[in-house]
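Notes to accompany the following structure.
Since every read-out is calculated from the coordinates, none of them should be taken as a lab result. In this text, all values refer to a predicted model and were calculated from it rather than measured experimentally. Note that we place each Cβ from the backbone using ideal geometry, even for glycine, and neighbour counts take in every protein chain shown.
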Amino acid sequence: MITFFDVTSSIPGKAWNATAWKTRFSLNFKGIPCKTQWLEYPEIAPVLESHGIPPYKTKEDGTPYYTVPAILDVDDETGAVKAKLLDSLAIAKYLDDAYPDTPRLLPADKAALEEQEQLHATWLYGMLPTLILLGCGSVGLLNKESQEHFSRARAKDMYMYNVERLEDVPLTPEHRQELWTQAKASFDNFDALLKEKEAKNGGPWFTGNKPSFVDCMFGGYFMWAIKVFGEESKEWADIMEWNDGRWARLVERLKPYASVS
Ligand SMILES: N[C@@H](CCC(=O)N[C@@H](CS)C(=O)NCC(=O)O)C(=O)O
């Protein structure tokens, strides 16, 4: 059985984190059962370290950086640890190798694989205006134990504001509006890319008629956005309408794979 490490929250169902959702969708698309171990942010490093999961990278101060999603795959009969790893892309590759009888997440073809890796590495930069709004809006979803850690860690990512905590990002109504106008342009860019793909492979998923890792990536983003903005919000209504309903259709297609175990 796979233990899936995800970061918890105070909302019903707990799951909210876009990055972790990539792995939840990966497991659900493949139909691989798992049990979720929910962690507060300060627990991520000690718990993953205690399982011997290698860190994602080394931080500037020389300490290891542990992230979710992470998995521990243990053989139910022998208790032997088959795999312990983090990083959503590395996990998708592992699942494709270790569970060859399940639908593939990543293409076997080298160029098609590189296309997905490249998009995965860059797409969030294209979504930056929305990341600012979503990042700042996430603090309120978290339990007290996680808020300070998250707020300070993500404020470092928002270096353009030069603030210590996300609560200090000056999100005036005017700035929000400015970011939202930029957000529409980000969505338009991805819509253009997906239109091109569809013209080649017929859609509706990124590679054609089956979901793949990039769909998990988009899915994770929308699961996060719906939790932060709220289903009844103006922002969510906009997103559902933008690009001729492309994102609304995607969210609908993802629903059968959105269970939380
Ligand atoms: N490349 C990694 C990135 C994972 C990542 O950045 N996870 C964040 C989720 S907010 C995390 O766990 N951060 C831990 C921290 O900020 O201490 C992946 O795709 O899995």
### Query
What number comes out for the charge environment of Glu198, summing +1 per Lys or Arg and -1 per Asp or Glu over other residues with Cβ under 15 Å away?
+2
### Query
What are the residues whose amide H is under 5 Å from the amide H of Gln37, where those residues sit 5 or more places off or on another chain and H is modelled from the backbone?
Phe4, Phe5, Asp6
## Note on the structure
Percent relative contact order for the chain, counting Cα pairs under 8 Å at least six residues apart, stands at 24
### Task
Hand me the GluC sites (Glu not before Pro) from segment 73-130 located in a DSSP loop with no more than 10 other Cβ atoms within 10 Å, in residue order please.
Glu77
### Message
Less than 12 Å Cβ to Cβ from Met240, Lys/Arg counted +1 and Asp/Glu -1: what total charge do the surrounding residues give?
### Response
-4
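Restricting attention to segment 55-107, which trypsin sites (Lys or Arg not before Pro) occupy a DSSP loop and are surrounded by at most 13 other Cβ atoms within 10 Å?
Details: sites: Lys57, Lys59, Lys82, Lys84, Lys93, Arg104; in loops: Lys59, Arg104.
The qualifying sites are Lys59.
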### Message
Relative contact order for segment 110-257: what percent, with Cα pairs under 8 Å and sequence separation of 6 or more?
### Response
21
### Message
If you filter segment 118-176 for GluC sites (Glu not before Pro), then keep DSSP loop positions with at most 13 other Cβ within 10 Å, what is left?
### Response
Glu164
#### Entry: Solvent-free Debye scattering, log10 I(q)/I(0), computed from the Cα coordinates of segment 1-91 at q = 0.11, 0.21 Å⁻¹
-0.30, -1.06
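What helices does the chain hold that run 20 Å or longer along their axis, going by alpha-carbon atoms, with a Kyte-Doolittle average of -1.0 or more, using DSSP H for the helix calls?
In the chain, the long hydrophobic H runs are 110-126, 213-229, 234-254.
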### Query
Once you sort the root eigenvalues of the Cα gyration tensor of the chain as a ≥ b ≥ c, which label holds: rounded (a/c under 1.5), prolate (a/b larger than b/c) or oblate (the other case)?
oblate
